[in-house]
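The values are calculated or read from the model by the stated rules, or taken from the named source; none is laboratory data. Note that the structure is a prediction, hence the values are computed from the model and not measured. Please note: Cβ atoms are built from the backbone with ideal geometry, for glycine as well, and neighbour counts cover all protein chains shown.
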Amino acid sequence: MPSYSPDTGSRRLVLTVAISAIALETSLLGLVAPLLPEIEERTGVGDAALGLALAAYAIPIMLISIPVGRLADRIGRRPLLLTGLVLTGVGSLLIAYSESLGVLLVGRAVQGIGSTGSWVAALTVVSDLARPGRKGEAIGFALAANSIGGIGGPALGGIAGGQISFEAPFLIVTGIAAAMFTLGWFVLPHGVPDAGGGGEAPGGDGKGMLATLLRPIVLVPASVMVAGAAFLGAIDFVVPLDLDRRLGTDETTIGLLFAAAASLDAIGAPIAGRAGDRRGRRPVAIVGVAFVGLSGVLLTVLGTLAGAAVALIVFGLAQSILFGGAVPWFEETFARSSRGLAYGSLNLVYATGYTIGPLIAGGLLEAASADAVYLAMTAVCIAGVMWLSTRRDGEALT
């Protein structure tokens with residue numbers, strides 16, 4: 001039975017499972033994005049309903065993230081991570097063989113429930129095993145996987161869905177989840193780690209969670225993450241439809257564009273995390289928000305396929321920097337003994353943003369245009385940079 005203080009070799013295997021789970025579960029957010037034109041053709045639904053196909057994954061996450069986080073602190077990370085992988089596979093099979101939007105939405109919801117358990121547990125494991133004084137860097141590597149999943153999910157959906165079949169990307173996810181479950185069964189540690197010491201900040205006991213999340217010290221990094229997730233949801237939703245309608249871009253090419261973004265995306269998060277360890281989280285988050293705003297401008301003014309590739313690469317790097325600053329900033333507002341609760345809360349915050357993003361973007365796309373969505377994102381980023389630059393509460397505890 002693996003202990004919760006594994007040796008170097010076991011630690012690497014545990015981190016491999018945890019970081020791979022983070023990438024897999026995050027990939028589910030946008031996995032269906034390149035397939036939206038095909039779903040639209042099959043079902044005949046409008047843009048707002050298509051946005052729900054993305055948001056349906058995040059809605060159950062919003063409902064159960066806090067209880068799952070508390071459960072991780074009580075029973076340990078292992079059972080939640082393994083159970084989550086099983087549900088991820090089941091939900092993916094439902095989507096693969098769905099013949100209506102309703103069944104697809106059920107499959108997305110099951111994926112969301114599974115993702116909640118495995119993502120919260122996996123990111124908490126990474127934090128548990130971080131070296132002293134290098135938590136930001138460790139979380140940065142996890143967020144690199146998170147970013148690869150967020151951008152790589154649409155890439156997998158586009159390439160496998162375009163070159164093989166609609167079912168292919170979901171069957172691939174099921175196979176990966178099964179392989180990770182098998183490895184995790186043998187290497188994931190049992191039990192709950194020793195908290196070691198007191199908490200860093202209020203909010204660790206989980207009482208009055210809404211009041212805790214509204215405290216300035218928590219609200220500031222939480223707001224950054226809500227915005228970042230909303231931006232990701234909007235981009236996952238709008239860009240594939242925009243490229244299909246404006247340039248006639250097929251699913252495979254859309255997938256390759258997202259893959260190009262993912263190839264550079266992983267670079268930013270570890271660097272941002274390490275910079276946050278040394279210089280504080282706020283400046284790093286501000287840089288990330290600013291570059292997201294730049295990507296919105298580039299998506300508007302660069303009307304070619306090559307221009308979209310450049311804009312997506314900038315967006316992916318910006319997301320890595322944004323979350324590389326904001327996630328450890330948010331976690332440091334919770335006690336060490338409540339890391340599971342911290343990441344359950346983080347998952348709730350992230351899911352809230354990812355639910356809002358496609359819904360707002362779908363309404364704006366239907367009422368106006370894709371450029372309106374991109375420019376609205378830039379306007380929010382400008383306001384966010386100004387707000388973060390002038391607000392002095394909510395500093396990270398470094």
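Observations, loosely collected:
- Taking segment 157-192 as the range and being β-branched (Val, Ile, Thr) and surrounded by 16 or more Cβ atoms within 10 Å (Cβ to Cβ) as the test, the residues that pass are ILE159, ILE172, VAL173, THR174, ILE176, VAL187, VAL192.
- The set of residues in segment 269-303 that are more than 30 Å from LEU247 (Cα to Cα) and among the aliphatic types (A, V, I, L, M) comprises ALA269, ILE271, ALA272, ALA275, VAL284, ALA285, ILE286, VAL287.
- Filtering SER100, SER118, SER92 for residues that are in contact (Cβ under 8 Å) with a residue 12 or more places away in the chain and surrounded by fewer than 21 Cβ atoms within 10 Å (Cβ to Cβ) leaves a single hit, SER100.
- First in segment 357-379 and buried (at least 19 other Cβ atoms within 10 Å of the Cβ), second anywhere and of a type in the set (Asp, Glu), Cβ under 7 Å, 6 or more apart: GLY362/ASP47; LEU365/ASP47; ALA370/ASP242
- Among the residues listed as LEU341, LEU346, LEU388, the single one being more than 22 Å from MET62 (Cβ to Cβ), assigned to a helix (DSSP H, G or I) and aliphatic (A, V, I, L, M): LEU388
- Filtered by the rule that a residue be touching an Asp or Glu at 6+ places or on another chain (Cβ under 6 Å) and closer than 14 Å to SER127 by Cβ, segment 319-337 gives a lone residue, GLU332.
- Taking the conditions (1) at pLDDT below 80; (2) buried (at least 20 other Cβ atoms within 10 Å of the Cβ) in turn, SER320 satisfies each one other than (1).
- Filter pass, PRO270 being within 30 Å of ARG74 (Cα to Cα), surrounded by fewer than 24 Cβ atoms within 10 Å (Cβ to Cβ) and either among the charged types (D, E, K, R) or in contact with a helix residue (DSSP H, G or I) (Cβ under 6 Å, 6 or more places away or on another chain) (or both): yes
This table checks each residue for (1) in a helix (DSSP H, G or I); (2) more than 17 Å from ALA335 (Cα to Cα); (3) out of contact with any Pro (no Cβ under 6 Å at 6 or more places or on another chain).
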| position | (1), (2), (3) |
| --- | --- |
| ALA72 | yes, no, yes |
| GLY84 | yes, yes, yes |
| LEU87 | yes, yes, yes |
| GLY112 | yes, yes, no |
| SER127 | yes, no, yes |
| PHE141 | yes, yes, no |
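- Candidates SER115, SER127, SER100, SER65 - the one that is of a type in the set (Ser, Thr, Tyr) and modelled with pLDDT of 85 or more: SER115
- Evaluation of THR300 against the conditions (1) over 21 Å from the mean Cα position of the chain (by Cα); (2) surrounded by 20 or more Cβ atoms within 10 Å (Cβ to Cβ); (3) at pLDDT 85 or above shows that the sole unmet condition is (2).
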